[in-house]
1. Go through the stretch 74-89 and give me each residue that's under 30 Å from E134 (Cα atoms) and loosely packed, with under 15 Cβ neighbours inside 10 Å.
2. Checking S34 against (1) within 21 Å of W206 (Cβ to Cβ); (2) in contact (Cβ under 8 Å) with a residue 24 or more places away in the chain; (3) not acidic (D, E): exactly one of these is not met. Which one?
3. If Y144 meets every condition in (1) in a strand (DSSP E or B); (2) within 30 Å of G97 (Cβ to Cβ) apart from one, which number is that one?
4. Is it the case that some residue within the stretch 33-42 is among the polar types (S, T, N, Q) and within 20 Å of E16 (Cβ to Cβ)?
5. Here are some conditions: (1) touching a residue at least 24 places away in the same chain (Cβ under 8 Å); (2) in a strand (DSSP E or B); (3) among the acidic types (D, E). D139 meets all but one. Which one does it not meet?
6. Do you know which residues across the stretch 108-136 are under 15 Å from A163 (Cβ atoms) and outside any strand (DSSP E or B)?
7. When residues of the stretch 107-150 are filtered for being loosely packed, with under 14 Cβ neighbours inside 10 Å and closer than 20 Å to R189 by Cα, how many remain?
8. Kindly provide the set of residues from the stretch 202-211 that are farther than 18 Å from Q155 by Cα and modelled with pLDDT of 95 or more, ordered by number.
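The values are calculated or read from the model by the stated rules, or taken from the named source; none is laboratory data. Just so we're clear, the structure is a prediction, and the values are computed from it rather than from any experiment. Please note: Cβ atoms are built from the backbone with ideal geometry, for glycine as well, and neighbour counts cover all protein chains shown.
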Amino acid sequence: MPAYAGAWVAPEGGQEIWTSVVGQREGVSFFESSGYIEAPVGERTSFVITPWMEQNGDSYEGWRGEATVAAKRAIHRSEGGVVALQAGALWVSHPWGKCGEGGVEVRALAGRNIGRTGFANVEAATRALEGGCESERLDLTIGYRPGQNWLAMGQVFVDMPRAGDETVRTQFTLVNFRPSGRAIQFGLRTRIDGGAQEAAFVLGLWGRIAD
């Protein structure tokens, strides 16, 4: 199993990824902080929490955030791949229009190993907030391990609100695995949909829960 959460259920001891992103959007600085915490509760089932917050200078209150609390279940496994479903509660700090902050997210995940050194992962999510605000998300990841202690990843993140502009971002990072069991991720992210120019530096820390 590649060292990336995706469709795979986290190994015993769980997995956490904390990521910081620093960048500029149309010349205005922003800072993101996010987490991915996955705790297995069985061979095929895990509990997932994903908080996210952005501080910026181009919105009314200068910040926005969201979080999900969900259960993930692997529904199909083969020698080289897995398919999983994830569903849970969603909170969004600044919803569109008159919609409420609370809602639900349902996510389908599929991952497959590519030879001995790579993997591909696809995640498709649909979201609905109180009051009828709906959106879809699509995350694509290709990973390659050029060496025992390194992982290279190319990712595309698509956000498709039904009321608002679609955004497409691409991210390229390297992950270095340390003897301690932790790993450091670093790289670049940019927006490629023709919207507001955006360039950012990504820094992440991977590890087991409570390490």
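1. Of everything in the stretch 74-89, those that are under 30 Å from E134 (Cα atoms) and loosely packed, with under 15 Cβ neighbours inside 10 Å turn out to be I75, H76, A89.
2. For S34, the failing item is (2).
3. Status for Y144: all satisfied but (2).
4. In the first step, residues of the stretch 33-42 are kept if they are among the polar types (S, T, N, Q); the result is 33-34.
Then drop every residue that is not within 20 Å of E16 (Cβ to Cβ), which leaves 33-34.
Yes, the stretch 33-42 contains a residue that is among the polar types (S, T, N, Q) and within 20 Å of E16 (Cβ to Cβ).
5. (1)
6. E130, G131, G132, C133
7. Selection size over the stretch 107-150: 1.
8. Correct list: empty.
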